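Below is one structure, written out as structure tokens, with a few remarks after it.
Just so you know, all these numbers are worked out from the coordinates, no wet-lab data involved. In this text, all values refer to a predicted model and were calculated from it rather than measured experimentally. Neighbour counts run over all protein chains shown; Cβ positions are idealised from the backbone, glycine included.
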Amino acid sequence: MKEGYLPQAERKKILLLSDDIRMNSGIATMAREIVVGTSHRFNWVNIGGGIKHPEHGKRFDISQDTNTHNDITDSSVFLYACDGYGNPEILRQVIELEKPDAIMFFTDPRYWIWLFQMEAELRKKYPLIYLNIWDDLPAPLYNESFYDSCDCLMAISKQTLNINKVVLGPKQEGKILKYVPHGINEKHFFPIDKADANFTAFKKSVLGDKEYDFVVFYNARNLHRKATSNLILAYSQFCEKIGKEKASKTVLLLHTQPIDDNGTDLFAVRDLVCNPDSGNVVFVDRLLSTPEMNYLYNMSDVTALISSNEGWGLSLTESLITGKMIIANATGGMQDQMRFEDSDGKWIDFDADFCSNHYGTFKKHGEWAVPVYPSNLSLVGSPPTPYIFDDRCDFRDVAKAIEEVYTLPKIERESKGMKGREWVLGTEAMMTAANMCSNVIGAIEETFSTFKPKKKFELIKIQDQPRKALRHKLIYE
């Protein structure tokens, strides 16, 4: 019997608001792992969002599929397909039908403003549990009321956890605040036998008959903040540095949509900056199965992600668990995966005096990583998000990082990558799906044990609120 198993009738029911857990977005993938991996402990209902969802309004019983993946026989998992992430009317209807014990939600707080506005209504009966993320500093004081609307904040990065604490200040008292990093299922992503016939056939379908000495992999959307154009430019600079003959045996492999209104025309970027007689840039823009995605990582020597804002960077974790090195911008949750060490040799933590390592305060890191430190921090924003740093790294520094990995003997690259895999699988990182689910179970059960329903009404004295001033250092040695 699965450890911690509870019979279906004894389980609490969690209503989860997120992407449709049957889909393949990063949000959907992590939400699915959580639902499946905790279905022996909780019953689940997912209001599953999608853009113009083709099955909007339909209800699905996916319990049997869940049983298969979690090795139990009595899971209870239902899904309501929904356009977007829902609205108050849909939520009230599902609550009336399903009668949950708690409400959990996941992704950027901008999508949940309508939910936070229902806080007084909902918390009279149900704890609100938020698996949350925030990409960068300064700490978003404009999120204070959002965080304060929750009973439990599970932060997926160390930076996010610190941001939760800084923004809430004394209001964090009585709330559950936990570090719950994303976790990858090691049954889906792992090193494979390169002689496997299916792998060989897939590799040929992507790269043709040519054999490459060095493959740089990118797996993310074509978005402005992902800085995909800068990665292509960095690769072209790397190719110029090593010379035409060597560069012709390298390839930049991009699993992304080459043209996206939220990004740019990457074909045009490639044609402008890359010499077609030396380096190679290959796009894979079709939807792939999980085994095929595992093949892509296994085909590669290093995975690169140089986003100027990045809450976590799931492709880095997937790369590490397959035993491949990573190149990443030192910002957001990507810092966690590079395992920077402080002066005492410990994996860094953040506080109000040290909120990020994007200045390169600490340089020692896991040997599986090659960090690139931002060369420019610009304060940008919009009316809903008035201020946030945009941590831009110089494409020339990225080119040097690519060259650093390239110059390593292949056996050394593989050794460093496997050490990254060992760390991700270990108890310090806690970045496997099983560890993530264990952390989620602990946080949810602690929330149930401490939850105090909100009173039917409260008296609030009308008075001027103090100015929201910076609560942490912006520059640190």
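Full extension of the chain between THR407 and GLN257 yields a length gain of 51.0 nm, computed as 0.36 nm times the residue separation minus the alpha carbon distance. List the pairs from LYS52/LYS454; LYS13/LYS452; LYS187/LYS364 whose alpha-carbon separation is above 24 Å, in the order I gave them. From the list (LYS52/LYS454; LYS13/LYS452; LYS187/LYS364), the Cα-Cα distance tops 24 Å for LYS52/LYS454; LYS187/LYS364.
Placing R0 at 35 angstrom, the Cβ-Cβ distance between ASP213 and LEU474 gives a FRET efficiency of 0.20 after rounding to 0.05. Taking label positions 7 Å along the Cα-Cβ direction at both LYS249 and ASP394, the computed distance is 3.0 nm, reported to one decimal. Calculated [222 nm] ellipticity per residue, helices only, for the chain: -10000 deg cm²/dmol; basis is -39500 (n - 2.57) per DSSP H run with n ≥ 4, divided by all residues, nearest 500. Our note on the geometry: Cα centres of the range 1-70 and the range 92-161, 18 Å apart.
Bridging of LYS246 to lysines at a Cα separation below 18 Å is possible for LYS210, LYS400, LYS410, once same-chain residues fewer than 8 apart are set aside.
For the peptides 200-210, 20-30, 463-473, 107-117, residues were scored by their other Cβ atoms within 10 Å and the scores averaged per peptide; the highest-first order is 20-30, 107-117, 200-210, 463-473. The reciprocal of the average 1/r between distinct C-alpha atoms defines the Kirkwood hydrodynamic radius, which for the range 318-477 equals 19.1 Å.
Rounded to the nearest 20, the size of the Cβ-charge dipole of the chain about its Cα centre is 760 debye, with Lys and Arg at +1 and Asp and Glu at -1. Taking label positions 7 Å along the Cα-Cβ direction at both LEU287 and SER449, the computed distance is 4.2 nm, reported to one decimal. With the cut-off at 21 Å, report for the range 83-157 the share of all Cα pairs above it, as a whole percent. Value for the range 83-157 (Cα pairs over 21 Å): 25 percent.
Here the Kirkwood formula, the inverse mean of 1/r across different C-alpha pairs, assigns the chain a hydrodynamic radius of 23.5 Å. For the range 333-406, the relative contact order comes to 24 percent (Cα pairs under 8 Å, sequence separation of at least 6). Over 20 Å between C-alpha atoms is what I'm after, so list which of LYS125/LYS158; LYS12/LYS455; LYS99/LYS125; LYS178/LYS473 land there. From the list (LYS125/LYS158; LYS12/LYS455; LYS99/LYS125; LYS178/LYS473), the Cα-Cα distance tops 20 Å for LYS125/LYS158; LYS12/LYS455; LYS178/LYS473.
Here the residues SER289, SER315, ranked from fewest to most Cβ neighbours within 10 Å of their Cβ, fall in the order SER289, SER315. I need the fraction of alpha carbon pairs in the range 197-425 separated by more than 28 Å, rounded to a whole percent. When every Cα pair of the range 197-425 is considered, 27 percent fall beyond 28 Å. What residue among ASN230, TYR359, GLY169 has its Cα farthest toward the positive end of the dipole of the chain, where the charges are +1 on Lys, Arg and -1 on Asp, Glu, each on the Cβ? Highest projection toward the positive end goes to GLY169. Compared with the alpha-carbon gap, the fully stretched path from GLN465 to GLN172 is longer by 103.6 nm at 0.36 nm per residue. Label zone of LEU223 (point 7 Å out along Cα→Cβ, amide N under 13 Å): in the range 132-150 this covers 133-136. Each label point was placed 7 Å from the Cα along the Cα-to-Cβ direction; for GLN8 and ASP344 their separation is 4.9 nm. Subtracting the Cα-Cα distance of ASP74 and THR361 from 0.36 nm times their residue separation leaves 98.3 nm of extension gain. Residues of the range 368-386 falling in the label zone of ASP108, defined by backbone nitrogen less than 18 Å from a point 7 Å along Cα to beta-carbon, are 378-386.
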